[in-house]
Amino acid sequence: MKIYSLLFVIVFPCTKKDEFLKYNYSVLSDEQKSEKAVEIAEIEWNKSYGKEMISNEKPFSAKKINDSIWFVQGTQQKVQIGGVAFGKVDVKNKAVLEYSHGE
């Protein structure tokens, strides 16, 4: 008697966004919250302005406004014409509250 076993593998697509958004806010240090704010903003900016434009504005900086809200902005390059992306990010709720790009 032959026994056949079938192996079913369920694959759930996992994006970078899904992976890094899985964190416990209450145990993050301010440095980690700052990093998360930048990551959340960068995802939104890439969708709106394109990865090429946003990658030219690195490094990004984040300044704490209150416990969960951070102001994030890009860095103006010497040869860059125009402004940089900037916005407010709620790290606790993993959301970009508002953003824009300088001219």
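The values are calculated or read from the model by the stated rules, or taken from the named source; none is laboratory data. Computed from a prediction, not measured in an experiment: that's the story for all the values here. Ideal geometry is used to build each Cβ from the backbone, glycine not excepted, and the neighbour counts take in all protein chains shown.
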- request: Could you identify the single residue in Lys63, Lys88 that is within 21 Å of Ser29 (Cβ to Cβ), outside any loop (DSSP other than H, G, I, E, B), touching a Leu at 6+ places or on another chain (Cβ under 7 Å) and modelled with pLDDT of 95 or more?
  value: Lys88
message: Filter the range 76-85 down to the residues that are in contact with a strand residue (DSSP E or B) (Cβ under 7 Å, 6 or more places away or on another chain) and either part of a strand (DSSP E or B) or loosely packed, with under 15 Cβ neighbours inside 10 Å (or both) and list them by number.
response: Gly83, Ala85
